[in-house]
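These notes concern the structure reproduced below.
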Amino acid sequence: MPINLPGFGTGHDDFAQQGGLAWNRIISPSLLNIATVTMSRLAMSHFTQSAYTNDIVSQLGILGIGFGGPGAWGAPWFNVQGYSGMGDTYAATPMRAWDTTIEARDSLNWQRGRHSLKFGGSFRSYIWPMWGFFQNRGYYQFTRGYTTRTGTNDGTGSALASFLMGLPAVQQRQAGIPQMQLRAWATDGFVQDSFQLTRTTTIEMGLRYEYARPLHDISYTNTNLTFQSGTPQIFIGGQNGYPDGLMYSNKHNFAPRFGISHNFANAGIVLHGAYGIFFTPVDLNTWCNQRHNVPFVFPETQQFDNFNPPASLLSAAQAQTSLNFNPAVLGTTTVSFTAFDPHAPAQYVQQWSTSVEKSLDRETTLEVGYLGTRGIHLQRADLINNAPPGPGPIGPRRPLKILEFVNNSVLAPGVTVSPTPPASCPVGAICTPVSTINLLANSAQSWYDAGYINMRRRYAHGLSLLANYTFAKSLSNAPDFRSPMFESSIPQNDSNLAAEKGLACDIRHRFALSAVYNIPGYGDSGLARALSHNWALSTVYQIQTGFPLTISVFGDTANAGTVLGENPIRANLAGRPIFGPGTQTAAEWFNPKAFAAPPAFTFGNVGRNTVIGPGMQTLDLALAREFSLVERMRFQFRAEFFNALNKVNLGTPDRFVNTPQFGTITEAATPGRQIQLSARFSF
């Protein structure tokens with residue numbers, strides 16, 4: 001069941017536009033003003049191969065999925081343990097967006113004595129209309145749990161059998177049509193001074209201020225959670241005193257920067273040191289999540305006992321209706337909910353560095369340095385309504401059974417509300433049954449420390465060169481939930497977030513070399529000159545150690561409701577060496593017997609990102625020759641060789657301990673040798 005079966009293609013129709021104006025004005029010999037206005041626009045349209053042509057959901061006869069009309073037609077997504085997924089992608093397809101950013105920027109440069117001053121600021125306007133779906137055609141995950149011999153995590157069972165019987169462990173959908181008309185603006189200002197303290201010492205000082213107005217929707221209302229009463233409640237943006245952008249602005253984002261350099265002129269040595277604070281803007285996709293919430297969109301996740309299917313699921317499977325969903329009704333449909341902290345602190349990074357630079361000769365310098373970075377208040381995903389591990393249905397064990405709307409909430413016209421509210425709903429309140437709650441909280445941290453050696457050779461005698469070696473370590477206490485490496489984007493156990501600290505996108509060793517060499521010609525005239533002159537050879541060589549990965553379990557073997565398509569449960573250590581004779585090959589990158597699936601209803605004890613995957617080595621070459629035809633007319637021929645050595649760089653090994661492919665590598669990380677010939681005429 002490969003992901004690339006014919007018929008499940010995805011079309012992308014993207015179009016980008018950019019434009020700008022600049023005005024440089026010399027006010028006086030020591031005063032220069034630079035003003036710019038720019039506009040960028042990206043129009044994106046993503047759609048399935050079946051859009052407007054093939055209504056697969058109707059052909060399959062599955063009820064309660066397939067929202068969005070003909071433009072959203074396609075197949076559901078089926079995820080079967082041990083096999084590649086099958087169906088049309090469930091993430092942001094179909095999707096249409098028209099992202100427009102308009103920016104005005106101005107800076108004033110003033111040279112005054114030993115001070116080189118710079119003042120400036122900018123204003124940006126964001127216009128972001130979007131129409132996009134997640135799981136509108138349904139998402140179904142099948143595991144081996146229902147077909148095990150003992151009804152526990154005993155290693156038996158067949159996920160394919162569960163699929164053929166129509167017994168999903170998890171099924172998801174989003175009922176409704178999510179549309180947005182988002183707007184936002186941001187501004188910043190700065191002052192900077194480069195002060196020549198002495199002939200050999202320069203001090204850099206600066207202060208920057210940033211403010212960003214949270215995204216808000218000018219046409220639709222969105223929802224978020226407030227925690228003011230101690231129990232999460234749903235609020236509608238712009239109602240009851242809550243912000244229309246669903247979060248409160250951070251108004252104290254001051255970022256100082258400082259640097260110093262000292263030149264020991266007689267020794268050819270320069271010392272550098274710097275420190276700065278840099279704020280990280282909130283990912284605009286954060287607000288997209290909020291449009292996929294009740295009461296406008298119903299993101300429904302049905303998670304059953306992962307080892308013993310309920311009688312209702314068995315009877316539905318016998319009637320071939322187990323993949324159906326009931327109509328979405330507020331107060332009846334059990335939904336998942338995505339939220340972020342409305343009082344979230346601003347994300348920022350502290351960075352400091354120091355280095356020693358030595359001149360080896362007139363063209364060559366050697367630099368040895370250190371770079372440190374600390375990320376503070378970074379965004380992380382936390383499932384705050386997971387059930388404790390245990391047997392039986394998941395829903396009754398969740399901490400929260402319902403979410404209540406704050407008092408005096410006004411729903412938009414057309415929202416269907418059940419006349420019979422949930423049993424635990426207060427009288428007169430609007431409530432919804434809830435399953436998973438994914439809270440984005442600015443509570444994560446990251447650490448990066450690196451030592452490096454740089455060698456630079458300015459162009460001389462036909463050769464320029466840049467070489468770098470970096471020895472680094474990167475840690476974080478939460479995965480990057482937007483683009484995790486080879487791990488889940490959510491924690492294994494939200495009651496023990498300390499266990500999430502581990503390697504991040506760590507590359508321990510990395511060496512890179514780039515060089516350009518103008519090949520000397522032979523002869524000053526005749527055929528020899530015509531054939532041998534004006535050739536240039538350039539190269540980029542890179543070699544690095546591998547990325548870390550987390551050994552995990554496919555499926556929710558803890559039966560805690562933590563799957564959500566992420567598989568965050570980790571494996572157990574089995575007390576055997578991870579690497580040994582015969583490992584670090586495509587057939588067995590690590591010793592699979594070093595790990596075991598944890599017993600049913602427990603979490604694993606393997607740490608996050610504790611196994612290092614294959615490294616990578618590439619060499620790219622380019623050979624070019626330029627011909628001067630007549631004055632101001634040139635012709636260039638260029639031959640480029642990517643991965644010139646045809647090096648096989650192995651991909652990431654299968655990291656799920658309970659799949660047959662565990663520990664094996666079935667694909668390459670980089671393509672084979674590619675040769676490209678090109679020509680350019682300039683005049």
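Each row is one residue, and each column tells you yes or no for (1) outside any strand (DSSP E or B); (2) modelled with pLDDT of 95 or more; (3) surrounded by 15 or more Cβ atoms within 10 Å (Cβ to Cβ); (4) not hydrophobic (A, V, I, L, M, F, W, C).
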{"site": "G7", "(1), (2), (3), (4)": "yes, no, no, yes"}
{"site": "S45", "(1), (2), (3), (4)": "no, no, yes, yes"}
{"site": "A51", "(1), (2), (3), (4)": "yes, no, yes, no"}
{"site": "G68", "(1), (2), (3), (4)": "yes, no, yes, yes"}
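Number of residues in the range 294-305 that are closer than 15 Å to F67 by Cα and not β-branched (V, I, T) equals 4.
Mind checking whether some residue in the range 147-164 is among the hydroxyl-bearing types (S, T, Y), surrounded by fewer than 21 Cβ atoms within 10 Å (Cβ to Cβ) and touching a residue at least 24 places away in the same chain (Cβ under 8 Å)? Checking the range 147-164: at least one residue is among the hydroxyl-bearing types (S, T, Y), surrounded by fewer than 21 Cβ atoms within 10 Å (Cβ to Cβ) and touching a residue at least 24 places away in the same chain (Cβ under 8 Å). Within the range 270-305, if we keep just the residues that are in contact with a Phe, Trp or Tyr (Cβ under 8 Å, 6 or more places away or on another chain), of a type outside the set (A, V, I, L, M) and in a loop (DSSP other than H, G, I, E, B), the residue that is surrounded by the most Cβ atoms within 10 Å (Cβ to Cβ) turns out to be N293. On inspection, G19 fails the criterion of being more than 25 Å from the chain's Cα centre (by Cα), more than 28 Å from A161 (Cα to Cα) and part of a helix (DSSP H, G or I).
Filter the range 169-199 for residues that are part of a loop (DSSP other than H, G, I, E, B), in contact with a strand residue (DSSP E or B) (Cβ under 7 Å, 6 or more places away or on another chain) and at pLDDT below 95; which is surrounded by the fewest Cβ atoms within 10 Å (Cβ to Cβ)? Give the steps one after another, and end with the answer.
Filtering the range 169-199 for residues part of a loop (DSSP other than H, G, I, E, B) gives 169, 176-178, 197-199.
With in contact with a strand residue (DSSP E or B) (Cβ under 7 Å, 6 or more places away or on another chain) added as a condition, the list becomes 169, 176, 178, 197.
Going one step further and asking which of them are at pLDDT below 95, we end up with 169, 176, 178.
Details: A169: 27, G176: 21, P178: 25.
Here the answer is G176.
Kindly provide the set of residues from the range 610-632 that are out of contact with any His (no Cβ under 9 Å at 6 or more places or on another chain), over 30 Å from F486 (Cβ atoms) and of a type outside the set (D, E), ordered by number. Correct list: L621, A622, L623, A624, F627, S628, L629, V630, R632.
Residues are listed down the side, and each one gets a yes or a no for (1) of a type in the set (A, V, I, L, M, F, W, C); (2) modelled with pLDDT under 95:
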residue: V417; (1), (2): yes, yes
residue: T436; (1), (2): no, yes
residue: L440; (1), (2): yes, yes
residue: R456; (1), (2): no, no
residue: H461; (1), (2): no, yes
residue: A467; (1), (2): yes, no
residue: T470; (1), (2): no, no
residue: L475; (1), (2): yes, no
residue: F481; (1), (2): yes, yes
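Here is a yes/no grid of residues against (1) buried (at least 16 other Cβ atoms within 10 Å of the Cβ); (2) at pLDDT 95 or above; (3) touching a Pro at 6+ places or on another chain (Cβ under 8 Å); (4) within 22 Å of I384 (Cα to Cα):
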site: S514; (1), (2), (3), (4): no, yes, no, no
site: I519; (1), (2), (3), (4): no, no, no, no
site: L531; (1), (2), (3), (4): no, no, no, no
site: Q542; (1), (2), (3), (4): no, yes, no, no
site: N559; (1), (2), (3), (4): yes, no, yes, yes
site: V563; (1), (2), (3), (4): yes, no, no, yes
site: F579; (1), (2), (3), (4): no, no, no, no
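Considering only residues in the range 412-436 that are surrounded by fewer than 21 Cβ atoms within 10 Å (Cβ to Cβ) and among the aliphatic types (A, V, I, L, M), the one that is farthest from P479 (Cα to Cα) turns out to be V427. Of the listed requirements (1) assigned to a loop (DSSP other than H, G, I, E, B); (2) over 33 Å from the mean Cα position of the chain (by Cα); (3) hydrophobic (A, V, I, L, M, F, W, C), V356 misses just one: (1).
The values are calculated or read from the model by the stated rules, or taken from the named source; none is laboratory data. Since this is a predicted model, take the numbers as computed values, not measurements. Please note: Cβ atoms are built from the backbone with ideal geometry, for glycine as well, and neighbour counts cover all protein chains shown.
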